[in-house]
Amino acid sequence: MTRPPHTRRDFLTTVAAAGAVSLVAPRGLDAATQRRSIGANDRIRIGLIGCGDRGIGVEMASVHQHAQAENLEVIAVYDPWRVASETAAAKAKEWFGTDAKQCRSVEELLDLREVDAVFISSPDHWHAAHLEAATRAGKHVYVEKPMANEIGELNRAYAAAKASGVIIQVGTQLRSSGVAAGCRDLLKSGKLGRISRIDQIRNGDKPYWYQYLKPDVKAADLDWKVFAKDRTKKAFDPILYSGWFGYWEFSQGPVPQWGVHFLDLVHYIADLGIPETCVCLGGVYTWKDEHRFTAPDQVDALWQYPDGLMISYTTNFGNSAGNVTRFAGDKGLLKLDWSNATYSPDGGINRDGSIRGENKVEPIEQTDHWVNWYRCMRDGKTPNASLDTGYQHSVASIMATMSYETGRRARFDKVKRTITLD
């Protein structure tokens, strides 16, 4: 197995132990800092943390799409890259007619009393810290996935968020799809019998991080120290910055990215929690070039859940064929893609004739994932992708990346909320 040349792996045991933090309310949080639900007719004023393709093209675009119906606007933006911040501010002016404040730091944005809620669209290695800071500041939060990629940071952010009373939606939008809801109902009906195995193979021609490369980014326009956090001591490089998805110290590759969408989806459909153990192998086998990417272009993770259920996730960027997502039951098989799902008696060792041929899973109409968050801020309800669901997929993902780094099996202690390595 090709493992990343990253000194952090030498400290995994320490990091795992550091996950045992108290999950009671942190000091400094009291009822006065907890946000009320926003009134039905009050405008929701949103700050954008991270102004990249996701922040502007998805999060901010959603606000624009639903601004009138849901009474929304973006009033503040922050990004360590000046060009991105200026782009977001210009887009806010175009879409909302507002002069969005270009903040010099996350702290400055969170200190703005007029900001009711924030989108956290920063790079993966910042999600947990930004979530903790935003909830301590009493802001409602939409945080992109994965919610965290270190167990210690995850537990601290989870504790702060739980104590804050704010409304949190995690960016695993597949659980708000009509197809997912239809599949969930199918499994609940028992038609497929006992589910023993769930698999996803998601391959591609080329790693997704290549599409983000910006070799012309200038050091003078970027606060490199803030972006890098404590994850690297390397000097600024435009490829290391813009292609951060491809570098282990920042993103850890396909499992925390594509795999988390799959994990959260199956957690929702099959009503699962946190796995007991995980093993994960992979490496950089195909895309070896001058960029020296360290995120794996092949990865295979296998999680064991209670009651004899196994889940596997595979990505290969050396051949794009063979993509499939399937739930194997003893009475039949469910297959799904982004917008369609079918079930059949195929392979069912206890098939009893109740399923005949291939059948379409009928979607169940759902509220848009982002609109669900906007409305929950007003009515105080729990969003579709809650803090707890984000915690579950993050633990599963971190188990996989720790196993990948060490070549050992990762095990979750649900009492201590720590991950150990066999």
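The values are calculated or read from the model by the stated rules, or taken from the named source; none is laboratory data. Worth saying up front: this structure is predicted, and the values here are computed from it rather than measured. Glycine also receives a Cβ, built like all others from the backbone with ideal geometry; neighbour counts cover every protein chain displayed.
Just one of Ala137, Ala157, Ala235 is hydrophobic (A, V, I, L, M, F, W, C), more than 26 Å from Thr315 (Cβ to Cβ), outside the structural domain of Asp330 (by TED's automatic domain parsing) and surrounded by fewer than 24 Cβ atoms within 10 Å (Cβ to Cβ); which is it?
After applying the criteria, what remains is Ala137.
Run down Asp216, Asp230, Asp205 and say which single residue is free of Cβ contacts under 8 Å to residues at least 12 places away in the same chain, of a type outside the set (Ser, Thr, Tyr) and exposed (fewer than 15 other Cβ atoms within 10 Å of the Cβ). Give the derivation first.
Working: Asp216 fails: free of Cβ contacts under 8 Å to residues at least 12 places away in the same chain; Asp205 fails: free of Cβ contacts under 8 Å to residues at least 12 places away in the same chain.
From the options Asp216, Asp230, Asp205, the qualifying one is Asp230.
You will find that of Leu240, Leu192, the residue that is touching a strand residue (DSSP E or B) at 6+ places or on another chain (Cβ under 7 Å), farther than 18 Å from Phe317 by Cβ and either touching a residue at least 24 places away in the same chain (Cβ under 8 Å) or not in a loop (DSSP other than H, G, I, E, B) (or both) is Leu192 and no other.
Condition first: small (Gly, Ala, Ser), in a helix (DSSP H, G or I) and under 25 Å from His64 (Cβ atoms). Can you find one or more residues in segment 117-138 that meet it?
Within segment 117-138 (the criterion being small (Gly, Ala, Ser), in a helix (DSSP H, G or I) and under 25 Å from His64 (Cβ atoms)), the answer is yes, since at least one residue qualifies.
Mind checking which residues of segment 358-372 are in contact with a Ser or Thr (Cβ under 9 Å, 6 or more places away or on another chain) and either touching a residue at least 24 places away in the same chain (Cβ under 8 Å) or farther than 20 Å from Tyr343 by Cβ (or both)?
Taking segment 358-372 first, the residues in contact with a Ser or Thr (Cβ under 9 Å, 6 or more places away or on another chain) are 358-361, 363, 366-372.
Listed by number, the residues that qualify are Val361, Pro363, Gln366, Thr367, Asp368, His369, Trp370, Val371, Asn372.
Might you let me know whether segment 293-315 holds any residue that is in a loop (DSSP other than H, G, I, E, B), without any contact (Cβ under 8 Å) to a residue 40 or more places away in the chain and out of contact with any Asp or Glu (no Cβ under 8 Å at 6 or more places or on another chain)? No, segment 293-315 contains no residue that is in a loop (DSSP other than H, G, I, E, B), without any contact (Cβ under 8 Å) to a residue 40 or more places away in the chain and out of contact with any Asp or Glu (no Cβ under 8 Å at 6 or more places or on another chain). For segment 256-313, taking the residues that are β-branched (Val, Ile, Thr) and under 19 Å from the mean Cα position of the chain (by Cα), the one that is surrounded by the most Cβ atoms within 10 Å (Cβ to Cβ) is identified as Val266.
Pick from Asp271, Asp264: which is part of a loop (DSSP other than H, G, I, E, B), assigned by TED's automatic domain parsing to the domain that holds Phe327 and out of contact with any Phe, Trp or Tyr (no Cβ under 8 Å at 6 or more places or on another chain)?
Just one listed residue meets the conditions, Asp271.
Cβ separations smaller than 8 Å between residues 6+ apart or across chains give the following pairs from segment 87-113 residues that are farther than 17 Å from Ile44 by Cα and in contact (Cβ under 8 Å) with a residue 12 or more places away in the chain to residues that are of a type outside the set (Gly, Ala, Ser) and assigned to a loop (DSSP other than H, G, I, E, B): Thr87/Cys51; Ala88/Cys51; Ala88/Asp79; Ala89/Asp99; Cys103/Leu112. Go through segment 384-422 and report how many residues are among the aliphatic types (A, V, I, L, M) and in a loop (DSSP other than H, G, I, E, B). Summing the residues that are among the aliphatic types (A, V, I, L, M) and in a loop (DSSP other than H, G, I, E, B) in segment 384-422 gives 2.
To keep it simple, each residue is scored yes or no on (1) surrounded by fewer than 18 Cβ atoms within 10 Å (Cβ to Cβ); (2) under 23 Å from Phe245 (Cβ atoms); (3) modelled with pLDDT of 95 or more.
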| position | (1), (2), (3) |
| --- | --- |
| His6 | yes, yes, no |
| Ala20 | yes, no, no |
| Ala25 | yes, no, no |
| Gln34 | yes, no, no |
| Leu48 | no, yes, yes |
| Gly52 | no, yes, yes |
| Ile75 | no, no, yes |
| Tyr78 | no, yes, yes |
| Asp99 | yes, no, yes |
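Return the total of residues in segment 321-378 being of a type in the set (D, E, K, R) and in a loop (DSSP other than H, G, I, E, B). Going through segment 321-378 one residue at a time, the tally reaches 11.
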